[in-house]
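Read the structure below first, then the notes.
The values are calculated or read from the model by the stated rules, or taken from the named source; none is laboratory data. Just so it is clear, the model here is predicted, and its values are computed rather than measured. Quick reminder, even Gly has a Cβ in these numbers, built from the backbone with ideal geometry, and neighbours come from all protein chains shown. Just the protein is used for accessible areas: all its heavy atoms, side chains included, with ligands, DNA and RNA removed. Shrake-Rupley method; radii C 1.70, N 1.55, O 1.52, S 1.80 Å.
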Amino acid sequence: MAYEAVIGLEVHAQLLTESKIFCGCSAVFGGEPNTHTCPVCTGMPGSLPVLNRKAVEFAIKMALATNCEIAPHSLFARKNYFYPDLPKGYQISQYELPLATKGYVEIPTADGGKKRVRITRIHMEEDAGKLFHDEDGPFSYVDFNRTGVPLLEIVSEPDLRTPKEAADYLRVLRAILQYLEICDGNMEEGSLRCDANVSVRPMGAQTLGIRAEVKNMNSFRHVERALAYEIERQNKVLEQGDEVVQETRLWDPQKGITDSMRGKEEAHDYRYFPDPDLVPLAISPKWIEEVRKGLPELPLERKDRFVQQYHIPEYDAGIITSSKALADYYEECVRLFPEPKQVSNWIMGDLLRLLKEDDREVEDCPLAPQQLAEMLGLIKDGIISGKIAKAVFEEMYKSGKGARDVVQEQGLVQITDEDALSAIVEEVLTAHSQEVDAYKKGKEKLFGFFVGQVMKATQGKANPRLVNEILQKKLR
Amino acid sequence: MKIEIGEVEYVGRLARLKLSEEEKELFTVQLNAILDYMEKLNELDTSAVEPTFHVVSHRNTVREDEMRKSYPQEASLENAPDKAKGCFRVPKII
């Protein structure tokens, strides 16, 4: 039987506020352990939380950018459970009345279209602390610096069908968060986190299968790999006539498998109730409009602008603007070398290919826009050919050197000296007198062969236009 | 009886409370009395009453996003039953 997967994602985004959500401690990543802490975030008796206005504003921004309805009233609730990273014995979150509901984003489909992924809800909550474990000793260590850092939890409907769609959805969310400048989107450092609810069902079925929750996927690649593994695992379970167990499973990137947390999981009974220490949040239409006015250009708007302003294909514009960092990179290159189509060709081709091979994000691109612009200048001035440029590009990417330096060091300057080239052409033709005869008898497609031989003799450094001219003259 | 002793034990477990057999009996009776009282309140027609989100009528008590001085590490760890490496130390939980 053919099965289809049904995936929903729960995404947690750390907000880039200066201070924590309910107290004035620094919300910045890192610091000596337990130095960004105070009685409020460590849950000392008698301390009272006060909501950070900026965190609410950021949440409203995200809600607007994802087409959500913003609740006029929302409430903070206590989610009760015991774990050493949670000093109060509860996490302040939102439950019955979340800040925003019923939104959607669009993800690109393989056929060039769009697919709408519905967002169930977006709510605000506080992050928990961080745990370190002894390698072999009997202890764990708790650092509460992260406790109380504001988070948005963004919950999707089970609209995703493949690991690729899940990763694409996550990319779209990250792009929006980064464009809004409310989250840095760093999955490795954990400022963007993702859990997935996965189930499979017979193709075409309407009811949902039993789901497993997959955690611990801290890069886009891991999300795709973990989901692919989990779907395959569930398919096998069903094919054997067994039932999927509803449970939490951890992705193990080393082994490439998801594994049951068996028993380590707490009962999912959080006994939510409204937090009496926090008054309800009432978001007025006026506040929403104020925030709306301050919204920056979002990915789709920027894409449309790129098509209009730079006359690049919609497809290219879509890919380049799908990451704020990449779009910024592109615009910086175009500013330095104002031939937008050329720039987009190199970014879409060689740059993205090299980044993908290295499994790197644009943020960590070793090649600065200045280097790419400098190289494009060299092509334009006829100093290097487009073909040589590819080698220059890779060398710059690898070594971080400037275009001119690479060209000089490796002697890649294009041969544009007509006499020098003529001599080389002459040698090639002498060496291939049979082909020359055949050509002269009408086998004209050998022309390309001669060009190729000259290029080979010059290690690709001959100016192609000049080679053509000389060959045509000599073969007449 | 709305709740049985088993539910008292379950709630006790969730709250990490160690309850004696006498206490379990006692709390079962007491919790049922509370639920009975709620039942009584439910007899009132509240269809025309706005839900009470909070007992005080304030809304939006917020602060600006300004960083304030945190406690020094020693102060944060002062009441910790066990500490090391600048952290609260707990039995291994992995």
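Given the -39500 (n - 2.57) contribution per DSSP H run of 4+ residues, what per-residue ellipticity at 222 nm results for chain B, rounded to the nearest 500 deg cm²/dmol?
Values: 3 runs with 37 residues, N = 94.
Roughly -12500 deg cm²/dmol at 222 nm, from the helical runs in chain B.
Compute for chains A and B the buried accessible surface, both sides summed, probe 1.4 Å, and express it in Å² to the nearest 100. Please list the in-between numbers first.
Working: alone 24220 and 9700 Å², together 30030 Å².
Adding both sides of the contact gives about 3900 Å².
When the Karplus curve 6.51 cos²θ - 1.76 cosθ + 1.60 is applied with θ = phi - 60°, which whole-Hz ³J(HN,Hα) does each residue of segment A:173-178 get, with x for Gly and Pro?
Per residue, the Karplus-derived 3J(HN,Hα) values read 4, 4, 4, 4, 4, 6 Hz.
Identify, among A:Ala128, A:Met44, A:Ser156, the residue whose Cα sits farthest towards the positive end of the charge dipole of segment A:44-173, taking +1 on the Cβ of Lys and Arg and -1 on the Cβ of Asp and Glu, with the dipole about the Cα centre.
Of the candidates, A:Ser156 comes out farthest on the positive side.
What do you get for GluC sites (Glu not before Pro) in segment B:14-94 restricted to DSSP loop and a cutoff of at most 13 other Cβ within 10 Å of the site's Cβ?
On the way: sites: B:Glu21, B:Glu22, B:Glu23, B:Glu25, B:Glu39, B:Glu43, B:Glu64, B:Glu66, B:Glu74, B:Glu78; in loops: B:Glu43, B:Glu64, B:Glu66, B:Glu78.
The qualifying sites are B:Glu43, B:Glu64, B:Glu66, B:Glu78.
How large is ³J(HN,Hα) for each residue in segment B:42-54, as worked out from phi by the Karplus curve 6.51 cos²θ - 1.76 cosθ + 1.60 (θ = phi - 60°), to whole Hz, x for Gly and Pro?
With the stated coefficients, segment B:42-54 comes to 5, 6, 6, 7, 10, 4, 9, 9, 5, x, 8, 6, 7 Hz.
Would you pull out the residues with amide H under 5 Å of A:Cys194's amide H, same chain only if 5 or more places away, H placed 1.01 Å from N?
Placed amide hydrogens put A:His12, A:Met217 under 5 Å from A:Cys194.
Around A:Val117, what is the net charge, scoring Lys/Arg as +1 and Asp/Glu as -1 over all other residues with Cβ under 12 Å from its Cβ?
Net local charge, A:Val117 excluded: +1.
From other protein chains only, count the Cβ atoms within 10 Å of every residue's Cβ in A:35-44, then give the mean. Please report the intermediate quantities before stating the final value.
Working: counts 6, 5, 7, 6, 3, 0, 3, 6, 0, 3.
The mean count of partner-chain Cβ atoms within 10 Å per residue comes to 4.
Note down the net charge around A:Gly209, summing +1 for each Lys or Arg and -1 for each Asp or Glu among other residues with Cβ under 11 Å from its Cβ.
Result for the neighbourhood of A:Gly209: 0.
Take the solvent-accessible surface of the protein heavy atoms, probe 1.4 Å, and return the percent of it on segment A:382-448 that carbon and sulfur atoms account for.
On the way: 1910 of 3980 Å².
Taking all protein chains in place, segment A:382-448 shows 48 percent carbon and sulfur surface.
How big is D, in µm² s⁻¹, for segment A:195-328 by Stokes-Einstein at 10 °C and 1.306 mPa s if Rh is the Kirkwood radius over C-alpha pairs?
81
Using heavy-atom solvent-accessible surface (probe 1.4 Å) with all chains present, what is the largest-first order of A:Ile119, B:Ile34, A:Ile379?
Values: A:Ile119 5, B:Ile34 90, A:Ile379 35 Å².
Greatest to least solvent exposure: B:Ile34, A:Ile379, A:Ile119.
Please report the relative contact order for segment A:1-74, taking Cα pairs under 8 Å with a sequence separation of at least 6, and give it as a percent rounded to a whole number.
Values: 49 pairs, mean separation 18.0, N = 74.
Relative contact order here is 24 percent.
What pairs from A:Lys20/A:Lys286; A:Lys341/A:Lys456; A:Lys324/B:Lys69 go past 27 Å between their alpha carbons?
A:Lys341/A:Lys456; A:Lys324/B:Lys69
Largest first, how would A:Thr120, A:Thr248 line up by accessible area (1.4 Å probe)? List each step's numbers first, then the result.
On the way: A:Thr120 50, A:Thr248 5 Å².
The ordering from most to least exposed comes out as A:Thr120, A:Thr248.
How large is the translational diffusion coefficient of segment A:296-410 in µm² per second when you combine the Kirkwood radius over alpha carbon pairs with Stokes-Einstein at 20 °C and 1.002 mPa s?
Numbers: Rh = 14.3 Å.
Approximately 150 µm²/s, per Stokes-Einstein.
Within a 10 angstrom radius of each residue's Cβ in B:49-61, how many Cβ atoms of other chains show up on average? Whole number is fine. Write down the numbers at each step before the final one.
On the way: counts 0, 0, 2, 2, 9, 7, 2, 3, 2, 3, 7, 10, 8.
Other-chain Cβ atoms within 10 Å of each residue's Cβ, averaged: 4.
Once all Cα-Cα distances of segment A:42-151 are split into 10 Å bins that start at 0, what whole-number percent is in each one?
Here the calculated profile for segment A:42-151 is 13, 33, 26, 18, 9, 1.
How high is the relative contact order of segment A:418-474, in percent, counting Cα pairs under 8 Å that sit 6 or more residues apart? Before the final figure, lay out the partial values.
Details: 27 pairs, mean separation 24.0, N = 57.
Relative contact order for segment A:418-474 comes out at 42 percent.
Mind grabbing the base-10 log of I(q)/I(0) for chain B at q = 0.15, 0.19 Å⁻¹? Debye formula, identical points on the C-alpha positions, no solvent, two decimal places.
Ignoring solvent entirely, the Cα scatterers give -0.94, -0.95.
Using only Cα atoms, find the angle between the long axis of helix A:418-431 and the longest principal axis of chain A, and express it within 0 to 90 degrees, rounded to the nearest 10.
Result, in degrees: 80.
Just to confirm the number: angle between the C-alpha axis of helix A:369-380 and the first principal axis of chain A, 0 to 90 degrees, nearest 10?
20
Where nothing but the Cβ of Lys and Arg (+1) and of Asp and Glu (-1) is charged, how large is the charge dipole of the protein assembly as shown around its Cα centre, in debye to the nearest 20?
Values: 74 positive and 93 negative charges, 326 e Å.
With Lys and Arg at +1 and Asp and Glu at -1, about 1560 debye.
Sorted from largest down, what three extents in whole angstroms do the Cα atoms of segment A:3-290 have along their principal axes?
Principal-axis extents of segment A:3-290 (Cα, largest first): 56, 54, 32 Å.
Roughly how many Å² is the accessible area per residue of segment A:178-250, as a whole number, for a 1.4 Å probe? It would help to have the intermediate numbers written out before the result.
Numbers: 3480 Å² over 73 residues.
Value returned for segment A:178-250: 48 Å² of accessible area per residue.
Please work out how much accessible surface A:Lys102 shows to a 1.4 Å probe, ignoring ligands, DNA and RNA, in Å² rounded to 10.
Roll a 1.4 Å probe over it and A:Lys102 shows about 140 Å².
Segment A:385-476: percent of C-alpha pairs farther apart than 15 Å?
The proportion of pairs with Cα distances above 15 Å equals 60 percent.
If you average the sequence gap of Cα pairs under 8 Å that are 6 or more apart and divide by the length of chain A, what percent do you get for the contact order?
Numbers: 823 pairs, mean separation 65.5, N = 476.
This gives 14 percent for chain A.
At 1.4 Å probe size, what's the solvent-accessible area of A:His432? Round to the nearest 10 Å².
For A:His432, solvent-accessible area is about 40 Å².
Going by accessible area, probe 1.4 Å, with all protein chains left in place, what is the ranking of A:Arg335, A:Arg171, A:Arg146, largest first?
Result of the area sort, largest leading: A:Arg335, A:Arg171, A:Arg146.
With a 1.4 Å probe and all protein chains kept in place, how much accessible area does B:Val29 have, in Å² rounded to the nearest 10?
For B:Val29, solvent-accessible area is about 90 Å².
Of A:Lys79/A:Lys164; A:Lys61/B:Lys92; A:Lys114/A:Lys293; A:Lys79/B:Lys92; A:Lys255/B:Lys92, which sit over 30 Å apart, Cα to Cα? Intermediate results must be reported in sequence, preceding the final value.
Values: A:Lys79/A:Lys164 32 Å; A:Lys61/B:Lys92 40 Å; A:Lys114/A:Lys293 27 Å; A:Lys79/B:Lys92 23 Å; A:Lys255/B:Lys92 23 Å.
Pairs exceeding 30 Å: A:Lys79/A:Lys164; A:Lys61/B:Lys92.
Calculate the dipole size of segment A:340-473 relative to its Cα centre from +1 charges on Lys and Arg beta carbons and -1 charges on Asp and Glu beta carbons; express the result in debye to the nearest 20. Can you show the working numbers first?
Working: 18 positive and 22 negative charges, 112 e Å.
With Lys and Arg at +1 and Asp and Glu at -1, about 540 debye.
Rounded to whole Å and sorted largest first, list the principal axis extents of the Cα atoms in segment A:196-238.
Cα extents, longest axis first: 31, 17, 15 Å.
Return the whole-Å distance between the Cα centroid of segment A:289-326 and the Cα centroid of segment A:394-436.
40
On a 0 to 90 degree scale, rounded to 10, what angle separates helix A:446-457 from the longest Cα axis of chain A?
The angle comes out near 80 degrees.
Quantify how strongly other chains surround peptide A:83-93 by giving the mean number of their Cβ atoms within 10 Å of each of its Cβ atoms. Intermediate results must be reported in sequence, preceding the final value.
On the way: counts 2, 5, 3, 0, 2, 0, 2, 0, 0, 0, 0.
What the average comes to for A:83-93 is 1.
What's the FRET efficiency of B:Asn60 with A:Arg353 using the Cβ-Cβ distance as r and R₀ = 45 Å, to the nearest 0.05?
Details: r = 50 Å, r/R0 = 1.12.
Efficiency for this residue pair is about 0.35.
Dividing the Cα radius of gyration by the Kirkwood radius, what Rg/Rh value follows for the protein assembly as shown? Present the calculation step by step, with values, prior to reporting the outcome.
On the way: Rg = 31.6 Å, Rh = 28.6 Å.
When Rh is taken as the Kirkwood radius, the ratio is 1.11.
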